1. Consider V253 carefully, then state whether it is in the same structural domain as Q188 (by TED's automatic domain parsing) and within 16 Å of the chain's Cα centre (by Cα).
2. Of all helices (runs of 4 or more DSSP H) completely enclosed by the stretch 77-183, which ones contain at least 1 residues that are within 30 Å of E203 (Cα to Cα) and not assigned by TED's automatic domain parsing to the domain that holds T258?
3. Anything in the stretch 59-76 that is charged (D, E, K, R) and either outside any loop (DSSP other than H, G, I, E, B) or within 15 Å of Y44 (Cβ to Cβ) (or both)? List them, or say none.
4. Of all residues in the stretch 394-438, count the ones that are touching a Phe, Trp or Tyr at 6+ places or on another chain (Cβ under 8 Å), of a type outside the set (G, A, S) and part of a strand (DSSP E or B).
5. Among the residues of the stretch 201-234 satisfying the criterion of being farther than 18 Å from Y187 by Cα and basic (K, R), which is surrounded by the most Cβ atoms within 10 Å (Cβ to Cβ)?
6. S333 - would you say it is within 23 Å of I409 (Cβ to Cβ), polar (S, T, N, Q), in a helix (DSSP H, G or I) and in contact (Cβ under 8 Å) with a residue 60 or more places away in the chain?
7. Of the residues in the stretch 343-393, how many are in contact with a helix residue (DSSP H, G or I) (Cβ under 7 Å, 6 or more places away or on another chain), at pLDDT below 85, aliphatic (A, V, I, L, M) and assigned to a loop (DSSP other than H, G, I, E, B)?
8. Just wondering, is there one or more residues in the stretch 260-267 that are among the hydrophobic types (A, V, I, L, M, F, W, C), within 15 Å of L183 (Cα to Cα) and in contact (Cβ under 8 Å) with a residue 40 or more places away in the chain?
Amino acid sequence: MPHEAKTKARLLSEIEEMRRRLAAALSREAACHDLFENIPTGLYQVTPQGRILKVNRHAAAILGYDSPGELIDAIADIGAQIYQTPRDREEVERLLKENDQIEDFEVQFRRRDGQPVWVALSARAVRSGNGRVLYHEGMIREIARRKALEEQSRQLAGETRCLSNFLHSLIDTIPSPIFCKDLQGRYQLCNREFERYAGRNREDIIGRTAGEVFDAEMADIYQKRDAELLRRPGRQCYEHRIVHADGKKRDVVVNKGTYANAAGDVVGIVGVIVDISDRKEAETRMRENLREKETLLHEIHHRVKNNLQVVASLLDLQAVSGCAPEAVEALRSSCRRVKAMSLIHEMLYRSRGIGRIDLTAYVSDLARDIFLAHLVVPGTIALSIRKREEVLLNIDQALPCGLILNELITNAVKHAFPGGQRGEITVEIGRTPTDDIEILIGDNGAGLPADVDPHRSRTVGLHLLRGLVKHQLHGRLEARNTPGATYRICFRSRSDREQG
């Protein structure tokens, strides 16, 4: 009996151990099943013939099915129904046959709605003890987003290459040397014109500094200027003379600027070199031609002045040859008018510029000559010239203006102060608010006779005065007779009339 009890107790203990092991095994199986179903990776088992044995929910979701059972029921042959391209299924079978496993094989599957989906496939062949393949098991990961990013990256790379080719073609067609340097002064880019400028191929320029490409003098200029630009980032422009690769000396303008990366940090220098040799030569020729023309014009003014002085001398000789008093006065008036014109040419001859007369200086010289011609006793008639602003006239306006001033100042000297009485002649020069040139000539003398209308008088002087103002200056003449006589002449300068 004791022996039977021991045997029974041992059997009960073994049964209990077996139950415990079975429970543990069931628990592990449940855990494995739970892991299989819920892992966020598609897991599967398929027969070598393409029939699905087992699949988890994530794999079903990747292929567009609501459950693993729905997927298993719907698919009889994965090669025909799941692989987008049958050749991919054949390639997977070949790799598994040769290697028993594959890792991250990228392939397109067909979803339930017929749309393709990119997956990364990893699998292995499970064999029996005699080496027969029982099934294939593995996992799939959806990589549609990654493939889309890769496609975008390829497109962007293609667009970048296209843009880069366009920019290289563009700068190569520009007929000026163009370059780009990094912060160490090494050339990163240049165009064909820069190759000709340096006398080197692009391969011998890129990656080298100015000291390795150009002679010491030019390299020193470029390196010093680069250092200045990097100390004060922005733009830089300077001229200098270089010896071109063809041995000829050229004048160039170098335009440089710093450029920055996406973070705003300066990472290099870009520049364009413009050959201005032809422009410099043209400027030199223009300066030489201008000097020749100025010399010629000065000589012309000198000769005209001399000729007018000869005419004035002839008129003066005729006046002292015993003519009638009226004829003598007419000849002397004509002589003074000729001298007034001669004075303009003399001032143009003496001036450094060409074609411009300072009206204030002209009035001063003209009045001095008139006072001398009429033997005005110093201190009897004072001359006051007021310049509100500088007025310059070209010769087309200076000549009629000179004749007008000559007539008005001469009339004042002759008639405003009879009997040697003292008085003052005033001349005011400036511009009106509308920018017209304004000349005011007045005196504090006897004034015009009551029967003289300056706007209608037929005397030679006043008739000449009105004609010059109206037809030569295209201006206005106003006359007032209290106190003394005052004349106001307004006209636009020739440049103003041409612009208007």
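1. Numbers: in the same structural domain as Q188 (by TED's automatic domain parsing): yes; within 16 Å of the chain's Cα centre (by Cα): yes.
When the stated conditions are applied, V253 passes them.
2. Details: elements: 78-81, 86-99, 144-173.
Correct list: 144-173.
3. Of all residues in the stretch 59-76, those charged (D, E, K, R) come to 66, 70, 73.
Across the stretch 59-76, the qualifying residues are E70, D73.
4. 1
5. R232
6. On the way: within 23 Å of I409 (Cβ to Cβ): yes; polar (S, T, N, Q): yes; in a helix (DSSP H, G or I): yes; in contact (Cβ under 8 Å) with a residue 60 or more places away in the chain: yes.
So S333 fits the description; yes.
7. 2
8. In the first step, residues of the stretch 260-267 are kept if they are among the hydrophobic types (A, V, I, L, M, F, W, C); the result is 260, 262-263, 266-267.
Add one more test, that the residue is within 15 Å of L183 (Cα to Cα), and what stays is 260, 266-267.
Those still in the list that are in contact (Cβ under 8 Å) with a residue 40 or more places away in the chain too: 266-267.
Looking through the stretch 260-267, at least one residue is among the hydrophobic types (A, V, I, L, M, F, W, C), within 15 Å of L183 (Cα to Cα) and in contact (Cβ under 8 Å) with a residue 40 or more places away in the chain.
The values are calculated or read from the model by the stated rules, or taken from the named source; none is laboratory data. Remember, predicted model here, so these are calculated numbers, not experimental data. Ideal geometry is used to build each Cβ from the backbone, glycine not excepted, and the neighbour counts take in all protein chains shown.
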